[in-house]
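Since the structure comes first, as structure tokens, the remarks are kept for the end.
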Amino acid sequence: MTQTDIAIIGGGVNGSSTGLELAKNGLNVTIIDKNFICRGASGVNAGTLTMHMTRAQLIPYAKKGWELWMNTSEWLSKEIEVEKKNGLCLAFTEDEEKLLIERSKVRKKYGADIKVISRKEAQRVDSNINPNIRCAAFCEMDGYVSANQTGYAYSKALKENKVNILENYSVSEIEYNNNKYVIVFENGEKLIASNLILATGVNLGKTLKFLQIDINIKCLPQQLIVSERMPKIMDTVITVANGKLSLKQFNNGTVLIGGGWPGIGNIEDNYTETKPENLIGNMMLACHAIPKLKNSRVARVWLGLEAETDDAMPIIGEIPNFKNAYVIGSIHSGYTSGPYMGKLLAEKILGKDVDLSLFDIKRFL
Amino acid sequence: MILINNKTKYDVIVIGAGPSGVSSAINCAKRGLKVLIVDSNHEAGGQIYRAPPKTYKSIPKNKLEENEIQKKMSIELKNYQIETAYNHTVWQVSPGFKVNAFNDFSTIQWETKSLIIATGTYEKIIPFEGWTIPGVIGLAACTVMLKSHHFIPSKKIILAGNGPLLILVAYYISKFGGKVDAIVDTCSKLDWIRSTLSLITNQKNFNDGIKWIFKIFLNRIPVHSNCKIEKAVEVDGGIKVKILNLKTGEYKNIFSETIAIGHGLTPSTDITRLLRAEHIYDEHKGGWIAKVDRFLRSSVNGVYLAGDGAGISGALAASDKGLLASTALLYDKKIISKKEFDTNTRKIKKKLDKYEVFAKAISKLNSIPKKLIENIHEDTIICRCEDITKKEILSAVDQGAKDINQIKSWTRLGMGPCQGRTCQYTASKIIAEYLNCEIENLGYLTGRSPIRPVPIDRVLGDFDYEKITKVEAAPL
């Protein structure tokens, strides 16, 4: 039976960021994934790093996360496409204008440097947007990361920091005795850990049941659409007032359309299926925002399973009644904050004074 | 929005109007089933009997037997009053089954209880340095140009790769007045002679083959056996081609205007992968194929594979495979009795067994020598949609990527418009050789919609902003 200081179940951005930080502080870390590092929601994410879609209360965390993403060469890898872009959040109708002003105000209160600008000003920021907007919210703190590259980047960084990676390992049981965790895998192998971190994304509800904890984690099957390569048709990250669109063009010319239009999917057999009518709605909204997109072709559609708690706020921190057991996940629009949340949890484990009360799992128990 | 929701529910939708699709559609229609057959071309025929372009008022000259067969297929579908949706490209199939397709104007969705997938194959090309330069085309693509469009790609051409298409294309190029500068074949002459006994089982194709070879002799076309193209570079007025003898290691330079190259065919698995059917790897049947039972039922209830989709047996066997799949469907729907099913399938299978001998011999001539993969230079592009080289693939493997989908995610291999149809075979071979493992262990690319790129304006048309489906706002 092998032993480790820290066992992290789930090798997505949350689990991997936590593990990386702990390993850098000299701890012996093992990351376990039923598939591969960042191959679930983390690898298929839209990768938008924006304040416009972040829940207001999470803005302070998203800002820290954004800074980490913009500095990946220092703590993660040089080989990952991260771009800083201006972010424009558009309003097309009177109602949307109201919503935009109201939401921007709240986000600003929480620290986001967002200002509402006129149509003319917005066009100066990006001349490609639909000229029929009523107004836009503008934020310089925006951009994107190429999510498909996170698997490569995290794998490499974790290995360089001597993290033990167990891929294709499914957990079948977690035993807790003498303040130690015995993780039993489906293949019969076992691992003993002094500390346990659960970071299994959409499967968190299932994983927490191993510790007899029952909370509801919703599974949101989100559709993503990518165009084939195009000449440059936009230069900003575009969102809309109600938060149901994220749009950006990567350096290779492909345009990624996201925004959380649901498809079909479940965690039982990891099945996903596209919903054509929602693809069309999502594409219409995208083409309405950037009219030139209409000349393109859709190259690929895929889905990712996003986790959400009942109040759509994260659960991060200690698991009550268990010694040295922690959870991290359901970070709504969490790609931006993810690395920072991981770092925070790592600091907490390392004994630093970190306030995670906002994300306490107790609120559901 | 022009998403047309067709209210008609079909008993069967046949995707692909080649010989197997047509024969299965007719077999179902004869028994009173409501059938729709869909194809992206403007008439029935598939690849082998592909209809000439719509813009052709008449076929210029050299009318071919294939053109006659093609016409008959379209007429037969009409006679049985089978609904056709030509010019429709299928882009999404979901369980249940919903088939989504687009044409020049809109996108449409049909519903059906059963599906017959008769989407045939696409060609396999093992890359070499310079295979992406203008003037390099596929051997099968060249066949379409010749047999359906009646034109030659250029006056002078080099034919490379392996298998019977080499001699077929050489024959038609000569017939249509072109000059074949060389045939570069990875097989030896002995390989061809060895296959004779098996090939003769299919008298019709064998006779054609003899006729083609005779023409090659007559026109004194140089044949370079055991050879592959090493490198092609654009030069003034054409392409300079460096060929390598895989046995002796000797190089030779040839000059020509065009290269047509192909190494056999791979079954199209886009739809079965989308439906999450089980697949198996079978090198002799063309690579990854949908797993089927003896009567061509896939692992998904109600989905049948006609034609070459579940393993390559060739055009002549295709219509019988269509019969077999549709007979299984008729039996499953309780339209024919067990007795009728047994009698009919026994008859069809007997015929098919004969074709299998022939298909096996062809597959041997199309087999990929190990050296052909080993020999690929590390800077050669493997995924031409995303410009991913062999070196980049292997570096991802070195970093710990363990399956083909992880390679896709890390390198972008297979993320372009062709969705990996062109590169999956070679990439898998390269990785399997490097890791010294079986291709099965690497898996296959997850099926993703759309299976063909969808023009956005065609799906959306003109729309009012107010008409966009309202969705609940994200929480603040």
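The values are calculated or read from the model by the stated rules, or taken from the named source; none is laboratory data. Bear in mind that the values here come from a model prediction, so they are computed numbers and not experimental data. Here the Cβ is made from the backbone with ideal geometry for all residues, glycine too, and neighbour counts use every protein chain on show. For accessibility, only protein heavy atoms count, side chains too; no ligands or nucleic acids. Shrake-Rupley method; radii C 1.70, N 1.55, O 1.52, S 1.80 Å.
Between chain B and chain A, the total buried accessible area stands at approximately 4700 Å², from heavy atoms with a 1.4 Å probe.
Karplus-based coupling profile of the range B:227-236, in residue order and whole Hz: 10, 9, 7, 8, 7, 10, 10, 6, 10, 4, with θ = phi - 60° in 6.51 cos²θ - 1.76 cosθ + 1.60 and x standing for Gly or Pro. Which percent, to the nearest 5, of DSSP beta bridges fully inside the protein assembly as shown are antiparallel? Given both bridge residues lie in the protein assembly as shown, the antiparallel proportion sits at roughly 60 percent.
With the Cα gyration tensor of the range B:112-234 in hand, convert its eigenvalues to equivalent ellipsoid semi-axes via √(5λ) and list them largest first in whole Å.
Values: eigenvalues 110, 90, 54 Å².
Sorted largest first and rounded, they come to 23, 21, 16 Å.
A Förster radius of 56 Å, combined with the Cβ-Cβ distance separating B:Phe105 from A:Lys84, puts the computed FRET efficiency at roughly 0.85.
Computed on the Cα atoms alone, the convex hull of the range B:314-371 gives a volume of 86 cubic angstrom per residue.
Report, as an integer, the average count of C-beta atoms from other chains found within 10 Å of each Cβ along B:449-462. Before the final figure, lay out each step's value.
On the way: counts 12, 9, 1, 3, 7, 9, 5, 15, 6, 2, 9, 8, 2, 1.
The shielding value for this peptide is 6.
Quick one: Kirkwood hydrodynamic radius for the protein assembly as shown, alpha-carbon pairs, angstrom, one decimal? Mind dumping the intermediate values first?
Numbers: mean 1/r = 0.0343 Å⁻¹.
So the Kirkwood estimate lands at 29.1 Å.
In this structure, B:Lys54 and B:Asp332 have a Cβ-Cβ separation that, at R0 = 45 Å, corresponds to a calculated FRET efficiency of about 0.75.
To the nearest 20 debye, what charge dipole does chain A have about its Cα centre, counting +1 at the Cβ of each Lys and Arg and -1 at the Cβ of each Asp and Glu?
Details: 43 positive and 40 negative charges, 189 e Å.
With only Lys, Arg, Asp and Glu charged at Cβ, the dipole is about 920 debye.
Over every pair of different alpha-carbon atoms in the range B:351-408, take the mean of 1/r and invert it; report that Kirkwood radius in Å. Its Kirkwood hydrodynamic radius stands at 14.1 Å. Computed extension gain for B:His42 through B:Lys347, at 0.36 nm per residue and net of the alpha carbon distance, reaches 106.5 nm. Entry note: the range B:58-171 has Rg to Rh equal to 1.04, where both radii use alpha-carbon atoms and Rh is the Kirkwood radius. Could you tell me the center-to-center distance, by alpha carbons, between the range A:219-288 and the range B:288-344 in angstrom? Here the answer is 38 Å between Cα centres.
Average accessible surface for the range B:168-292: 47 Å² per residue, computed with a 1.4 Å probe over protein heavy atoms with every protein chain in place. Share of carbon and sulfur in the accessible area of the range B:76-142 stands at 48%, probe radius 1.4 Å.
If you count only protein heavy atoms with a 1.4 Å probe, what accessible area per residue comes out for chain A, rounded to a whole Å²?
Values: 13840 Å² over 365 residues.
Here the per-residue accessible area is 38 Å².
How big is D for the range B:199-335, in µm² s⁻¹ as a whole number, if Stokes-Einstein is applied with the Kirkwood radius of its Cα pairs at 20 °C and 1.002 mPa s?
Numbers: Rh = 18.6 Å.
The diffusion coefficient I find is 115 µm²/s.
Packing-based ranking of B:359-369, A:238-248, A:119-129 yields A:238-248, B:359-369, A:119-129, ordered from highest to lowest mean Cβ neighbour count within 10 Å.
Here A:Trp75 sits with roughly 50 square angstrom of accessible surface, probe radius 1.4 Å. Surface composition of the range B:327-476: carbon plus sulfur atoms contribute 49% of the solvent-accessible area (1.4 Å probe, protein chains only, all chains present). Against the criterion of solvent-accessible heavy-atom surface with a 1.4 angstrom probe, B:Lys34, B:Lys350 sort, most first, into B:Lys350, B:Lys34.
Helix-only arithmetic for chain B: the sum of -39500 (n - 2.57) across DSSP H runs with n ≥ 4, divided by the residue total, places the mean residue ellipticity at 222 nm at -10500 deg cm²/dmol.
I'd like to know how the range A:234-365 sits against the 2.2 N^0.38 Å rule of thumb: what's its Cα Rg over that expected value? Please report the intermediate quantities before stating the final value.
On the way: Rg = 18.7 Å, N = 132, 2.2 N^0.38 = 14.1 Å.
Dividing the Cα radius of gyration by 2.2 N^0.38 Å gives 1.33.
Residue separation of B:Thr132 and B:Thr248 scaled by 0.36 nm, minus their Cα-Cα distance, works out to 39.1 nm of gained length. In this rough spin-label picture, where each label sits 7 Å from Cα along the Cβ direction, the A:Glu186-A:Gln3 distance is 2.9 nm.
For a label point 7 angstrom out from the Cα of A:Asn161 toward its Cβ, which stretches of the range A:67-85 have the backbone nitrogen within less than 12 Å? It comes to A:74-77, nothing else. Each part reduced to its alpha carbon centroid, the range B:428-472 and the range A:72-124 end up 29 Å apart.
Backbone amide hydrogens, once placed in the peptide plane, bring B:Val184 within less than 5 Å of B:Leu159, B:Ala160, B:Gly161, B:His224, excluding anything fewer than 5 places away on its chain.
In the complete set of protein chains, residue-level accessible area for B:Tyr331 is approximately 70 Å², probe 1.4 angstrom. DSSP beta bridges confined to chain B are antiparallel in about 50 percent of cases. Accessible area ranking (1.4 Å probe, heavy atoms, ligands and nucleic acids excluded), largest first, for A:Phe92, B:Phe463: B:Phe463, A:Phe92. Annotation: chain B has a Kirkwood hydrodynamic radius of 23.6 angstrom, from the mean reciprocal C-alpha pair distance.
Rounded to two decimal places and with Rh computed the Kirkwood way over Cα pairs, what is Rg over Rh for the range B:1-124? Could the numbers behind the result be given before it?
Working: Rg = 14.7 Å, Rh = 15.0 Å.
Radius of gyration over Kirkwood radius for the range B:1-124 works out to 0.98.
Based on Cα contacts under 8 Å between residues 6+ apart, the range B:314-424 shows a relative contact order of 17 percent. Shown in residue order for the range A:252-259 are the 3J(HN,Hα) couplings computed by the Karplus curve 6.51 cos²θ - 1.76 cosθ + 1.60 at θ = phi - 60°: 7, x, 6, 10, 9, 10, x, x Hz (x for Gly and Pro).
Work out how much length B:Tyr80 to B:Asp191 would gain on full extension: take 0.36 nm times their residue separation and subtract the Cα-Cα distance, in nm to one decimal.
Working: separation 111, 0.36 × 111 = 39.96 nm, distance 4.45 nm.
This chain segment gains 35.5 nm when fully extended.
Contact order, relative form, for chain B: 18 percent (alpha carbon pairs under 8 Å, 6 or more residues apart, mean separation divided by residue count).
So how do B:147-156, A:170-179, B:234-243 stack up, highest first, on mean other-Cβ count within 10 Å? Could you put the intermediate results ahead of the total?
Working: B:147-156: 18.0, A:170-179: 13.0, B:234-243: 15.4.
Per-residue Cβ counts within 10 Å, averaged per peptide and sorted highest first, yield B:147-156, B:234-243, A:170-179.
Give me the percent of the accessible area of the range A:5-121 that comes from carbon and sulfur atoms, probe 1.4 Å, all protein chains in place.
Details: 2060 of 4720 Å².
Of all accessible area on the range A:5-121, carbon and sulfur atoms account for 44 percent.
Among the cysteines of chain B, those whose beta-carbon sits 4.7 Å or more from every other cysteine beta-carbon are B:Cys28, B:Cys142, B:Cys187, B:Cys227, B:Cys385, B:Cys418, B:Cys437.
Shielding value for A:294-307 is 5, the average number of Cβ atoms from other chains within 10 Å of each residue's Cβ. Using the alpha carbons alone, the radius of gyration of the range B:278-411 stands to its Kirkwood radius in an Rg to Rh ratio of 1.12. With helices as the sole contributors, chain A gives -7500 deg cm²/dmol at 222 nm; each DSSP H run of n ≥ 4 counts as -39500 (n - 2.57), and the sum is divided by every residue.
According to the Cα gyration tensor, what semi-axes, each the square root of 5 times an eigenvalue, does the equivalent ellipsoid of the range B:225-282 have, listed from largest to smallest in whole Å?
Values: eigenvalues 258, 57, 11 Å².
Result for the range B:225-282: semi-axes of 36, 17, 7 Å.
Loop only by DSSP, 13 or fewer other Cβ within 10 Å of the Cβ. Give me the chymotrypsin sites (Phe, Trp or Tyr not before Pro) in the range B:31-136 that pass, ordered by residue number.
Details: sites: B:Tyr49, B:Tyr56, B:Tyr80, B:Tyr86, B:Trp91, B:Phe97, B:Phe102, B:Phe105, B:Trp110, B:Tyr122, B:Phe128, B:Trp131; in loops: B:Tyr49, B:Tyr56, B:Tyr80, B:Tyr86, B:Phe97, B:Phe105, B:Phe128, B:Trp131.
Counting only loop positions with at most 13 other Cβ atoms within 10 Å, the chymotrypsin sites (Phe, Trp or Tyr not before Pro) in the range B:31-136 are B:Tyr56, B:Phe105.
On the beta carbon distance between B:Asn375 and A:Ser170, with R0 = 45 Å, the FRET formula returns roughly 0.70. Residue-wise HN-Hα couplings along the range A:344-356, as the Karplus relation 6.51 cos²θ - 1.76 cosθ + 1.60 with θ = phi - 60° gives them from phi, are 4, 5, 4, 4, 4, 5, 6, x, 7, 7, 10, 9, 10 Hz; Gly and Pro carry x.
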